[in-house]
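Let me begin by presenting the structure, written as structure tokens, before commenting on it.
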Amino acid sequence: QVQLVESGGGLVQPGGSLSLSCAASGSIFRVYAMGWYRQAPGKQRELVAAITRGGNTNYAESVKGRFSISRDNAKNTVFLQMNSLKPEDTAVYYCNANLKENSAWDTNLYWGQGTQVTVSS
């Protein structure tokens with residue numbers, strides 16, 4: 001059973017910083033692309049940032065220059081450093097991972113449970 005467990009959300013003032021992490025665990029052969037999405041109330045889930053196993057990154061325009069995604073392949077963990085946070089960054093943040101389990105023939109996409117990020121004064 002594969003699990004993605006996120007941590008690091010919370011309440012922060014505008015202009016502040018938060019760091020999120022997401023660790024994949026279970027019977028994993030290899031983790032490929034990993035990413036962060038967010039969903040604000042009444043809105044669709046949207047991509048925030050993604051990173052390949054080799055370290056290539058992709059960011060939403062709204063977070064470029066403020067957020068940074070990274071990963072530790074040895075620990076199957078992805079990180080999101082969020083700086084200069086704005087009230088519009090308030091959302092539930094979800095991580096995902098495209099990975100192959102030891103017993104599987106192909107990869108599957110897994111999601112974390114989500115962590116709340118609130119930016120407010």
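Summary of values
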| quantity | calculated |
| --- | --- |
| Coil-residue chymotrypsin sites (Phe, Trp or Tyr not before Pro) of region 1-74, DSSP, other Cβ within 10 Å capped at 16 | none |
| Lys86 long-range amide H proximity, modeled H, under 5 Å | Gly15 |
| Accessible surface of Ser17 - all protein chains present, 1.4 Å probe, nearest 10 Å² | 60 |
| Hits among aspartates and glutamates - C-alpha to C-alpha of Lys86 under 17 Å, sequence gap 8 or more where chains match | Glu46, Glu61 |
| Estimated FRET transfer efficiency when R0 is 22 angstrom, pair Gln39-Lys75 (beta carbons, to 0.05) | 0.25 |
| Highest-fluctuation residue, Lys43, Lys75, Lys86 considered, GNM on the chain with Cα pairs under 10 Å | Lys43 |
| Long-range amide H partners of Arg30 with built H, under 5 Å | Lys100 |
| Fluctuation leader among Asn76, Asn108, Asn98 - the chain, Gaussian network, Cα springs under 10 angstrom | Asn108 |
| GNM flexibility winner over the chain from Asp72, Asp106, Asp89 (Cα, springs under 10 Å) | Asp106 |
| Relative contact order %, the chain, counting alpha carbon pairs below 8 Å whose residues are six or more apart | 36 |
| Accessible surface, region 2-50, averaged per residue in Å² (probe 1.4 Å) | 51 |
| For Arg45, solvent-accessible area (1.4 Å; no DNA, RNA or ligand), Å² | 100 |
| The chain, accessible surface, carbon-and-sulfur percent (1.4 angstrom probe) | 47 |
| Links that overshoot a 27 Å alpha carbon limit, given the list Lys43/Lys75; Lys75/Lys100; Lys64/Lys100 | Lys43/Lys75; Lys64/Lys100 |
| Gyration tensor (alpha-carbon) shape descriptor, region 25-77, a/c threshold 1.5 | oblate |
| Compactness of the chain - radius of gyration and Dmax, Cα, Å | 14.2, 49 |
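The values are calculated or read from the model by the stated rules, or taken from the named source; none is laboratory data. What you see is a predicted model, and the numbers here were worked out from it, not measured in a lab. Please note: Cβ atoms are built from the backbone with ideal geometry, for glycine as well, and neighbour counts cover all protein chains shown. All accessible areas refer to the heavy atoms of the entire protein, side chains included, with ligands and DNA or RNA removed. Shrake-Rupley method; radii C 1.70, N 1.55, O 1.52, S 1.80 Å.
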